[in-house]
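To keep things clear, I will list the structure first and then write my remarks on it.
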Amino acid sequence: MENRNQTPEREQWGSKIGFILAASGSAVGLGNLWKFPYMAGKNGGGAFVLVYFIILFLVGFTLMLGEIVLGRHTQLNAIGAYRKIRKNWAWVGGLGVLAGFLILSFYSVVGGWVINYIIKSVTGGLYSSDPKVLGNIFNDLVSSTMTPIFYHAIFMVLTFIIVLGGIGGGIEKASKIMMPALFIMIVIIAIRSMTLPGGVEGIKYLLVPDFSKINMDVILNALGQVFFSLSLGMGCMITYGSYLNKDTNIPQSAAIIPLVDTGIALLAGLAVLPAVFAFGFEPEAGPGLIFVTLPAVFSQMPLGGLFAFMFFLLVLFAALTSSISMLEVCVAYVVDEWKWNRKFTTILISLAIFIMGVPASLSMGPWSHITILPGKGFFDTYDYITSNILLPLGGLLLCIFIGWIWGIDQAVKEATNNGTLKFSLAPMWGVLIKYVGPIAILIVFIRSFI
Ligand code: TRP
């Protein structure tokens, strides 16, 4: 481990399940637990979920497989992978590294809120089921100046400490324990939330689509959410795939990861939205939704305080297994391409991300009057530019790259380990990545910007 820079062999995952857990660890994070419920709440509930599913099947699975295959084939970081196959495509990988950098800078701010909520749950500061009280607790936190920046700093420090631990040691070990624990907790919370008086309304809101609510905004938001939640479009899965050994069954992994990810997002929705209706919160409340509704659920559970503590702790772990993947993409690039020292690079990039995140944090309070895009402050602008533009654009270019530049035959050869694995959906995958994916993304893009 210590001789990382001297050893010629590239590090690899310790086991097959290690890769699936780590890649699911990257996918499952604040995107599922924090963003999915509030995006569903904001974009019409069932209508959003339906569109999300369609995009997941058409684009999500396709790109997941594409990224992992490209990563393992080249054994390189996002930029190096493109460059190895076609020199003048390296900038596409660069776009991804930029996206990761930007996402992490606001992601870490939310991670900071989570750390603060862990502490609040211990000190008893969350014990209420009154929407007003819980709303004020959240607003007081995010709108103050120093406190959220302080916790944002702690989150970044935790992230770089794990990344410094390396692939097998840090990332893989952490995922193995935390992912299953998170799953069990969220199932319990969802059951409690759904059985609250009036909770059924929330289940209906989430699962029964109201077709009149589907419009271009909802579709673009769902597209962005699929990319964000699956960690696609920025080379994250290229980088993780590059640590895979040559006999892993990639098509199988590429199917399992989106299923796990979507399962957890739906469970988070089922934990949050029934409570929204049971306690009279607003489904459209936005980024504060899980922070105000779940404490109300905990207040209705035996040992609720303990539960709150354990839950926010696991949310933090899930956020960390995602944030490390974003930092890893940036670090892997600089270490592979510029041959910088890994430790130094990790610290420097973490510091830069922290600084980028400060305006995002301030835009929730003291800087809320500053707008960058129309009606959007720093936080919302980072989110919009990455989820709704950079990631889908990265995905579009990846489809074109694999389908038309590298070639389906090559990609399928890699996916099937030189034809030794059965992958009966290969012809369909070819069509999806060559035609359906790019056209679908392009249509959503064009329609929503004109
Ligand atoms: N998917 C993670 C989540 O849901 C966030 C994330 C990690 C991500 N790596 C990414 C998003 C790469 C986009 C691209 O929280």
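The values are calculated or read from the model by the stated rules, or taken from the named source; none is laboratory data. As the structure is a computational prediction, the values presented were derived from the model and not from experiment. Backbone-built Cβ (ideal geometry, glycine too); neighbour counts: all protein chains shown. With ligands, DNA and RNA removed, areas are computed over all heavy atoms of the protein, side chains included. Shrake-Rupley method; radii C 1.70, N 1.55, O 1.52, S 1.80 Å.
Rolling a 1.4 angstrom probe over the protein heavy atoms with all chains in place gives the range 16-447 an accessible area of 36 Å² per residue.
Residues considered: PHE211, PHE53, PHE291. Largest GNM mean-square fluctuation over the chain, using C-alpha springs under 10 Å, is found at PHE211.
Calculated over the range 16-447, the projected area of the Cα convex hull averaged across directions stands at 19.1 nm². Highest mean packing first, where packing is the average number of other Cβ atoms within 10 Å per residue, the peptides 304-310, 398-404 line up as 398-404, 304-310. For the range 320-450, with all protein chains in place and a probe radius of 1.4 Å, 69% of the accessible heavy-atom surface sits on carbon or sulfur.
Mind running the shape call on the range 325-433? Use the C-alpha gyration tensor, a ≥ b ≥ c as the square roots of the eigenvalues: rounded below 1.5 for a/c, prolate if a/b tops b/c, oblate otherwise. Verdict is oblate for the range 325-433.
Mean sequence separation of contacting Cα pairs (under 8 Å, at least six apart), scaled by the length of the range 16-447, corresponds to a relative contact order of 35 percent.
Give me the net charge of MET237's neighbourhood, meaning all other residues with Cβ under 15 Å from the Cβ of MET237; Lys, Arg count +1, Asp, Glu -1.
It works out to a net charge of -3.
Principal-axis analysis of the Cα atoms of the chain puts helix 146-164 at an angle of about 30° to the longest axis.
Order these peptides, 82-94, 36-48, by their mean beta-carbon neighbour count within 10 angstrom, highest first. Please report the intermediate quantities before stating the final value.
Details: 82-94: 17.6, 36-48: 24.0.
Order by mean packing, descending: 36-48, 82-94.
Helix 342-362 and the longest principal axis of the C-alpha atoms of the chain enclose an angle of approximately 40°. Accessible surface of the range 84-212, 1.4 Å probe: 71 percent of it comes from carbon and sulfur atoms. Cα centroid separation, the range 290-335 to the range 56-111: 24 Å.
Rounded to the nearest 10 degrees, the angle from helix 16-27 to the longest Cα principal axis of the chain is 50 degrees. For the peptides 384-396, 226-238, 342-354, the ranking by mean Cβ contacts within 10 Å, running from highest to lowest, is 226-238, 384-396, 342-354. Distance between the 7 Å Cα→Cβ label points at ASN215 and VAL431: 3.4 nm.
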